[in-house]
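Remarks on the structure that follows.
Any read-out appearing in this document is the output of simple, stated calculations on the displayed coordinates, not a laboratory observation. Given the structure is predicted, the values throughout are model-derived calculations rather than measurements. Here the Cβ positions follow ideal geometry from the backbone for every residue, glycine too, while neighbour counts run over all protein chains shown.
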Amino acid sequence: MWVTDARLILPDRILERGALRIEAGRIAEIVDGPASGSAINAHGLTLLPGLIDVHGDMLERDMEPRPKVRFPVDLVVHELDKRLAATGITTAFAAISLDWPGTQQRLRSSEQAKAMISAVHDLRPGLLTDFLVHVRFEITVPQAGQFLTEMLAADEVHLVSLTDHTPGQGQYRDIEKYINTMREWHRVKDGTHLTEEDMRQRIAERTRPIGWQAVDDVARIARERGVTLASHDDDTPDKVALMADLGATISEFPVSLEAAESARQRGMHVVMGAPNALRGASHSGNLSALEGIAAGVVDTLASDYFPAGMLHAALAVADKGLMTLPEAVKLVTFNPADGVGLNDRGALEVGRLADLVLVEIPPAGRARVRSTFRHGAPIYWDRHMAELNHGLVPTLPERSSDLDDTAVTLEAALQGHTHNHHA
């Protein structure tokens, strides 16, 4: 099956009018120029690799969008899965938190995390996207370490980040800014107006000794199981060095340029937030992703909390001249795949998985995802694609195991149409 008449963003160059052939769920051929015969018409669209998100907080947020309002995890996973596909994301790591210090949130507890992880594994074969588990281990809560080591041993975790949200360092190194942020957050969330005394008490509750034995155990078993280990909110070269010595190969959301530079010097993969890059600034006043990109120390942009931000941030980086378009696209495709060892996807290259996204990029206005493919089968297809392809609307797969069959069905349907190439 061919996708033809598209602008192809290859790892190192752009084919202004090219075609790509899919066979058995993988990219079989790429040509400069249109394909002949039956093909998916992509005239006027840009073809990218499917986006790969290594850190998305949406699952927890969607489960409890308001205080004490909880939705079933299976419903939330299925609805989030559809939203990801519609934004061009084909591989997603759902960030799931364990127990957090000084909080009574049941949503962020080992008990709730276990239920969420189990649900993701049970639902995964029936999802449109490749849905993976990213566990956030708060290192000041060592009791969660035993649970995490059990999950790692059972191969139920695909990425682990070592986080420390203790006020006075990392993301919240400015105590006064932390107090103001928490006041705003709690006022928005539940109408609570926290006093200065309230905040100081919460800080005291959240400042506790780190159980380094548990951290060492988690890091060791992650290394043994081949699970990528990430640090989180690194603020100093010393913090980077500590995390690197534990085996972390990714530095997530470093809060200072100095920390990001140190991570790069140690060969770590640096991840920043796509919303940060899209907005042009960190919402918490820390390192701007654009500043990091301009300094050449950012490898990947993750959705963080806004899936649509990935595509639009990459395009904004290119529009600002900070990178070429192929380089900017790598921030959300090839580089994240490389950082977590998923070397079968992330680039328009022969032999890689045909995880693809077709995007309309107008001269002015916002880009729009028109179709998303996983293993060569459409998992999102809008009216624009149907109009381009003589009204053809493919049947989307019910389960990920049906992807190859869906691709075959789509190819057969295309052969029933006389394709009209645009001159």
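For residue 62 and residue 111 in one chain, what is 0.36 nm times their gap in residues minus the Cα-Cα distance, to one decimal in nm?
Gain on stretching residue 62 to residue 111: 15.8 nm.
Which loop GluC sites (Glu not before Pro) in segment 292-400, with loop taken from DSSP, have no more than 15 other Cβ atoms within 10 angstrom of their Cβ?
The qualifying sites are 349, 398.
Could you tell me the center-to-center distance, by alpha carbons, between segment 58-77 and segment 323-361 in angstrom?
30
So how far apart, in nm, are the two label points at residue 415 and residue 17 if each is 7 Å from Cα heading toward Cβ?
It is 2.8 nm.
Between the DSSP loop rule and a limit of at most 13 other Cβ atoms within 10 Å, which GluC sites (Glu not before Pro) in segment 49-147 are left?
Those that pass, being in a loop and sparsely packed, number zero.
Which trypsin sites (Lys or Arg not before Pro) in segment 331-382 sit in a loop by DSSP (not H, G, I, E or B) and have at most 11 other Cβ atoms within 10 Å of their own Cβ?
Hits after loop and neighbour filter: 366.
Rounded to two decimals, what is Rg over Rh for segment 4-148 when you use alpha-carbon atoms and the Kirkwood radius?
1.13
Can you figure out the FRET efficiency of residue 390 with residue 78, using R₀ = 41 Å and their beta-carbon distance, to the nearest 0.05? Don't skip to the answer; put the middle values down first.
Working: r = 31 Å, r/R0 = 0.75.
Taking R0 as 41 Å, the efficiency between residue 390 and residue 78 is 0.85.
Mind giving me the FRET efficiency for residue 408 and residue 367? R0 is 25 Å, r the Cβ-Cβ distance, nearest 0.05 is fine.
Details: r = 30 Å, r/R0 = 1.20.
Computed FRET efficiency for residue 408 and residue 367: 0.25.
Could you estimate the translational diffusion coefficient of segment 283-358 from the Stokes-Einstein equation, with Rh from the Kirkwood formula over C-alpha pairs, at 10 °C and 1.306 mPa s, in whole µm²/s?
This corresponds to a translational diffusion coefficient of 120 µm²/s.
Under 5 Å between amide hydrogens, which residues at least 5 positions from residue 379 or on another chain qualify, with H placed 1.01 Å from N in the peptide plane?
So residue 379 has HN proximity to 372, 373, 374.
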